[in-house]
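Written out below as structure tokens is the structure these notes cover.
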Amino acid sequence: MNTFSTTAADTAPRTARPMGSLLTAISLVIGPALIALALATLPDLWNGSLPDYHTIDTQHDQAMLSFNLAAASFPFMFGSVVALAIAARRSRRLAATGLACSFFGLTAMLANAMLSMPLVLMSGITDHTGLDRLATRLDSPPLVPLFLFPLYFVGAILLAIALWRSGTVSGWAALAIGVGGMFPVALLTGVGALALPIAAIRIAGSIPIIKRLLAARDT
């Protein structure tokens, strides 16, 4: 009994850190990959200020896939920015400011995605009178925080600088992480496919951090 208790007590602290390192490394890859796929598969649901009912009806499944990918991506995206901030903790102020901006930007991106969800649910409804009124309100929301999604790019730049100044990553990796924060560009331009190379660059810049996390897991 004593031997078993001692062994369990000795091994418990060693398993906590590796699991956290593995989950953090996964977030740095899965988060950008899922959000990129969500943006790349999102059809244009608008025709000016009104819903494009033809697209909503004919590409309903694709739109639902996009929203599901987006919903799945955000926990990993939040985890990834926390991981970057922790890795850059030697530049505490820059890392904290970058983390805050990233959180506000991600929250706004999530809110915008959920706000557009009713458009997908309009599929198959033939009476568009009330829907047009609803869509006009969705297209011009009075909530100022919804327009804060570009802060994600600002946060990525600040985190990249913090990582470089703290000596955590080299210059090229910091640049890649900064460029990898340009997901809002895909939103603003409506060209979702831009998110795919942006995600690839972000993941490439995160590789040195992922290697450190996996090395810590093996120790």
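The values are calculated or read from the model by the stated rules, or taken from the named source; none is laboratory data. Note that the coordinates shown come from a computational prediction; the quantities given were computed from them, not determined experimentally. Backbone-built Cβ (ideal geometry, glycine too); neighbour counts: all protein chains shown. Accessible surface is based on the protein model in full, side chains and every heavy atom, while ligands, DNA and RNA are left aside. Shrake-Rupley method; radii C 1.70, N 1.55, O 1.52, S 1.80 Å.
A few notes on this one:
- All of TRP164, TRP172 fail the test of being farther than 26 Å from ASP52 by Cα and out of contact with any Ser or Thr (no Cβ under 9 Å at 6 or more places or on another chain), apart from TRP172.
- Output for the stretch 108-136, where each listed residue is closer than 16 Å to ALA38 by Cα and among the hydroxyl-bearing types (Ser, Thr, Tyr): SER116
- Selection from the stretch 81-132 of residues that are part of a loop (DSSP other than H, G, I, E, B), within 22 Å of GLN59 (Cα to Cα) and not acidic (Asp, Glu): SER116, LEU121, MET122, SER123, GLY124, ILE125, THR126, HIS128
- Options ARG202, ARG212: the member that is closer than 20 Å to ILE86 by Cβ, open to solvent by 70 Å² or more (accessible area, probe 1.4 Å) and assigned to a helix (DSSP H, G or I): ARG212
- Within the stretch 154-187, the set of residues being surrounded by 21 or more Cβ atoms within 10 Å (Cβ to Cβ), modelled with pLDDT of 95 or more and among the aromatic types (Phe, Trp, Tyr) comprises TRP164 only.
- Residue in the stretch 26-42 that is at pLDDT below 80 and either within 15 Å of VAL120 (Cβ to Cβ) or open to solvent by 60 Å² or more (accessible area, probe 1.4 Å) (or both) present: no
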